[in-house]
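Reviewing the structure listed below.
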Amino acid sequence: SSGINAEYGDCDEEMEREEVFAHQEQTCPNRQVVCGTCRHSILVSEFHNHSKTCPQAIVSCEFCKQDMKRSQLAGHEKSCLQALVKCRHCAREMRRNDLLDHESSCTKNQVKTISCEECGVTIGRKKLANHLANKCQQRIVDCIECGEAVVLAEMKIHSKEQCENRLTNCDNCKKKVVFNDLETHKEKFCDYRLIRCRRCGDTIPYYKRKEHRCKQCPGRRRSDSDESYIGCRHRRCDLEVNRSFVEAHEEICIHRPVRCKTCGQQIPWFSRDYHEKFCDGEDDDFDNLIDQLIDSHHLQVPKYIESL
């Protein structure tokens, strides 16, 4: 066959049609891959550069060697006590942890009050250390919910609009849900999520499943609304029996399992003759074969007689 361009517009490389799928899955430079750290989909050609900038990757502060997410590093370095900074009076370089003590005794510092470089507040020089550690509204703090480094003055906005672990309302059921779990909640746990009835195929809200099953479903069973009846526990048996007689029924149920004397496999009672006719002593997956034969009408399931 003639060469064609890869489908879906992934790249312009030409190849045989039958090679397109393998190319897209394994070698196409424009295929999407998932970062194992942040779980974002990116082009494989950009993966190397992404690994150097991934915001969720764990990196170490070059000053104190503490490990943290890359997204937290910039904020941490602004307040890291081991970072190198310069005295604004004498320009001497030192650790931030030593700066406040130095400035209070620096021979070139003639000022009794000082402006906080972070928030601009004018404060006594001796009170600056306590201000930066406990009162400055521009100091960097960690969000108690997600661990992100945030400027204190912006924490309210972060908590309400940006934090991945903030509580938010589900649009459907109105329950409080962690924002990062919202999509999973809507898909798997929300009472208003849509599910498909296994008996009639209708799509219904999850919270209405019992009402649908007991009153509305065309395929509803007597045991759904009448607790005195119960379904037979044997696979493929749809018969519903009064609870007083269910044990007696299951003992003679045509779907009850019996063991083949040749291969030792458990098989439905009604299929024993068919199974023994073809059994070669191997423990094959006969149960699935029975389903296939019934679906293709090659094997008929006998009907119950009235006395059952």
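The values are calculated or read from the model by the stated rules, or taken from the named source; none is laboratory data. Keep in mind that what you see is a predicted model, and the values were worked out from it rather than measured. No Cβ is skipped: glycine too gets one built from the backbone with ideal geometry, and neighbour counts run over all protein chains shown. Ligands, DNA and RNA are stripped out before the accessible areas are found, and what is left, the full protein with its side chains, is counted by its heavy atoms. Shrake-Rupley method; radii C 1.70, N 1.55, O 1.52, S 1.80 Å.
Values as computed for the structure displayed
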quantity	calculated
Condition broken by residue 42, with the remaining ones in (1) open to solvent by 40 Å² or more (accessible area, probe 1.4 Å); (2) modelled with pLDDT under 85; (3) over 30 Å from residue 138 (Cβ atoms) satisfied	(1)
Residues being modelled with pLDDT under 80 and either open to solvent by 70 Å² or more (accessible area, probe 1.4 Å) or touching an Asp or Glu at 6+ places or on another chain (Cβ under 8 Å) (or both) - total across the range 117-126	2
Selection within the range 45-60 - closer than 21 Å to residue 144 by Cβ and in a loop (DSSP other than H, G, I, E, B)	55, 56
Tally, over the range 248-274, of residues that are within 45 Å of the chain's Cα centre (by Cα), over 15 Å from residue 235 (Cβ atoms) and in contact (Cβ under 8 Å) with a residue 12 or more places away in the chain	3
Residue check, residue 150 outside any loop (DSSP other than H, G, I, E, B) and farther than 30 Å from residue 77 by Cα	no
Conditions (1) among the β-branched types (Val, Ile, Thr); (2) in a helix (DSSP H, G or I); (3) within 19 Å of the chain's Cα centre (by Cα); number of the one not met by residue 168	(2)
Residue under evaluation residue 161, criteria (1) closer than 26 Å to residue 118 by Cβ; (2) touching a Cys at 6+ places or on another chain (Cβ under 7 Å); (3) free of Cβ contacts under 8 Å to residues at least 24 places away in the same chain, criterion not met	(2)
Sole exception among (1) at pLDDT below 90; (2) at positive phi for residue 198, by number	(2)
Qualifying residue in the range 157-164 (condition: part of a strand (DSSP E or B) and either touching a strand residue (DSSP E or B) at 6+ places or on another chain (Cβ under 8 Å) or closer than 27 Å to residue 56 by Cα (or both))	no
Hits in the range 26-39 - residues which are part of a strand (DSSP E or B) and either open to solvent by 60 Å² or more (accessible area, probe 1.4 Å) or under 16 Å from residue 70 (Cβ atoms) (or both)	32, 34
Selection status of residue 187, open to solvent by 90 Å² or more (accessible area, probe 1.4 Å), out of contact with any Phe, Trp or Tyr (no Cβ under 8 Å at 6 or more places or on another chain), assigned to a helix (DSSP H, G or I) and closer than 30 Å to residue 160 by Cα	yes
Candidate set from the range 67-105 (those that are in a loop (DSSP other than H, G, I, E, B), of a type in the set (A, V, I, L, M, F, W, C) and surrounded by fewer than 16 Cβ atoms within 10 Å (Cβ to Cβ)); member that is farthest from the chain's Cα centre (by Cα)	90
